[in-house]
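Input: a single structure, listed below in structure tokens.
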Amino acid sequence: MKIGLAGMIPHNSTWITAEDREAVDSVLRSGWIAQGGKVRDLESAFNLINDGGESCFLSSGTAALAMALRGLNIASGMKVALPTYACSALLNAVYWVGAIPVPIDVRREDFILNHEEVPSDVDVVIVVNMFGVFAELNEFRKKDLKIIEDCCHSLGGRRKSDYKNTEADALIYSFYATKIISGGQGGLVWSRNRECISRIQDYRQFDCRIDFEPRFNFQNTDIHAALAFSQLSRLEEIRIRRAQIAERYLSVLPEGFSIQSKLMNPDGMIYRFVISAPSSSVRDTLFAHLLSWGIQCIIPVERYELLHRYMGINPGLFPVAEELAGTTISLPIYPSLADCELDLICTALRAF
Ligand SMILES: *Cc1c(COP(=O)(O)O)cnc(C)c1O
């Protein structure tokens with residue numbers, strides 16, 4: 001039984017089973033807790049998920065973004081397009097490799113970076129499968145630029161069951177506590193480009209090297225890998241439970257509210273159930289209403305978190321992101337949400 005803060009239903013919660021605990025304990029008993037065989041097992045699992053290619057497990061999703069850029073030879077002075085309605089990890093990773101971030105507005109209907117606004121002189125684009133909705137990568141392919149697909153929200157989903165799952169040059173994932181699969185912390189880069197992954201593998205570990213080149217320590221441990229690997233075996237179960245919760249919310253969506261188009265993709269992973277209110281004041285009223293019922297929601301991306309605001313660029317140039325930040329609210333959706341909690345949230349939504 002999970003107990004929320006002061007009896008509240010939390011917006012997010014972990015799902016740790018006896019098998020997960022045993023997987024971690026067996027690493028602790030083994031005498032090898034640093035990067036080792038469990039890291040390699042996790043990497044192999046991601047190669048299977050992506051139908052080939054190679055993977056590199058790292059300390060975080062942010063490190064994975066920075067390493068994907070570096071692996072694809074994105075360096076000082078090069079331009080990286082990225083959605084302004086996203087996680088600030090993207091901006092940090094771009095600055096980390098010394099490149100120039102080019103924030104782009106998203107589309108109203110699916111919250112995905114608007115490919116029509118990507119200038120022709122950028123070298124790479126980071127596309128986020130926002131809240132689980134897949135971006136159409138062929139729209140970017142026409143532009144002759146490299147693509148990094150941020151799959152932190154879409155792990156476990158399939159674009160279409162009969163189609164190669166990605167056209168991107170590199171994919172990145174996060175295993176932070178609140179993500180689909182958690183290792184506590186962690187990240188991973190996957191690519192079919194062997195050179196890209198070799199560069200990352202070389203860079204992630206500075207120790208015991210014959211030659212000297214500037215490298216770093218972006219390794220992760222077998223403890224984190226074993227926890228993530230154990231959870232990975234439940235990926236389909238997680239996907240189905242999240243879809244069930246989303247169906248329930250959809251059936252009681254308050255009047256005037258809408259959801260992302262394509263969120264209810266039968267093959268997709270729903271990471272967040274984000275609803276858009278007709279206005280900021282209605283959004284704020286619903287937020288307070290749910291809180292009074294003991295239900296904790298979040299504003300998935302606050303105005304101040306929009307990347308163009310962090311960069312000090314005129315907000316008027318990003319009308320959709322500004323609107324979404326002002327009108328959206330994210331409802332609790334995670335596999336350990338109990339049926340009685342789900343019933344209560346649905347009752348509260350109907351009462352609004
Ligand atoms: C969480 C997240 C990241 C960063 O991952 P960390 O492991 O927290 O560093 C990057 N992109 C997206 C879309 C995320 O949700």
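The values are calculated or read from the model by the stated rules, or taken from the named source; none is laboratory data. Predicted model only: the values in this text are computed from it and were never measured. Methodologically, a virtual Cβ is constructed for each residue, glycine included, from the backbone with ideal geometry; neighbour enumeration extends over all protein chains shown.
Points to keep in mind about this one:
- Residue 95 satisfies every condition listed in (1) over 23 Å from residue 183 (Cβ atoms); (2) within 16 Å of the ligand (Cβ to nearest atom); (3) in contact (Cβ under 8 Å) with a residue 12 or more places away in the chain; (4) not small (Gly, Ala, Ser) except (3).
- The residue that is nearest to the chain's Cα centre (by Cα), counting only those in segment 4-50 that are within 30 Å of residue 297 (Cα to Cα) and assigned to a helix (DSSP H, G or I), is 20.
- Hits in segment 227-251 - residues which are more than 17 Å from residue 272 (Cβ to Cβ), assigned to a helix (DSSP H, G or I), more than 18 Å from the chain's Cα centre (by Cα) and among the polar types (S, T, N, Q): 230, 251
- Considered as a group, the residues in segment 98-113 that are free of Cβ contacts under 8 Å to residues at least 24 places away in the same chain and surrounded by fewer than 22 Cβ atoms within 10 Å (Cβ to Cβ) include one that is nearest to the chain's Cα centre (by Cα), and that residue is 102.
- Residue match in segment 321-336 (condition: part of a strand (DSSP E or B), surrounded by fewer than 20 Cβ atoms within 10 Å (Cβ to Cβ) and in contact with a Ser or Thr (Cβ under 9 Å, 6 or more places away or on another chain)): no
- Note on segment 173-198: residues that are under 13 Å from residue 148 (Cβ atoms), in contact with a helix residue (DSSP H, G or I) (Cβ under 7 Å, 6 or more places away or on another chain) and away from the ligand (no atom under 16 Å from the Cβ) amount to 2.
- Near pairs, Cβ below 7 angstrom, 6+ apart or cross-chain, from segment 176-189 (in a loop (DSSP other than H, G, I, E, B)) to any residue that is within 7 Å of the ligand (Cβ to nearest atom) and among the hydroxyl-bearing types (Ser, Thr, Tyr): 182/176; 185/60; 185/176; 186/60
- Answer residue from segment 115-136, given it is away from the ligand (no atom under 16 Å from the Cβ) and part of a loop (DSSP other than H, G, I, E, B) and is surrounded by the fewest Cβ atoms within 10 Å (Cβ to Cβ) among those: 120
- Residue within segment 306-329 that is within 17 Å of residue 10 (Cβ to Cβ) and either at pLDDT 95 or above or of a type outside the set (A, V, I, L, M, F, W, C) (or both) present: yes
- Condition met for residue 144 (of a type outside the set (Gly, Ala, Ser), over 20 Å from residue 84 (Cα atoms) and in a loop (DSSP other than H, G, I, E, B)): yes
- When the residues of segment 51-92 are filtered to those that are within 10 Å of the ligand (Cβ to nearest atom) and part of a loop (DSSP other than H, G, I, E, B), the one that is nearest to residue 216 (Cα to Cα) is 59.
- Residue list for segment 255-275, restricted to those being touching a strand residue (DSSP E or B) at 6+ places or on another chain (Cβ under 8 Å) and in a loop (DSSP other than H, G, I, E, B): 257, 260, 263, 272
- Residue 32 passes every criterion in (1) within 16 Å of the ligand (Cβ to nearest atom); (2) in contact (Cβ under 8 Å) with a residue 60 or more places away in the chain apart from (1).
Yes/no per residue for (1) farther than 30 Å from residue 326 by Cα; (2) crowded, with 16+ Cβ neighbours inside 10 Å:
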residue: 227; (1), (2): yes, yes
residue: 230; (1), (2): yes, yes
residue: 233; (1), (2): yes, no
residue: 237; (1), (2): yes, no
residue: 245; (1), (2): no, yes
residue: 250; (1), (2): no, no
residue: 258; (1), (2): no, no
residue: 261; (1), (2): no, no
residue: 270; (1), (2): no, yes
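- Taking first residues from segment 327-341 that are over 16 Å from residue 296 (Cβ atoms) and partners that are surrounded by fewer than 22 Cβ atoms within 10 Å (Cβ to Cβ) and basic (Lys, Arg), the Cβ contacts under 7 Å between residues at least 6 apart in sequence or on separate chains come to 327/283; 335/241.
- Check on residue 76, among the hydroxyl-bearing types (Ser, Thr, Tyr) and exposed (fewer than 13 other Cβ atoms within 10 Å of the Cβ): yes
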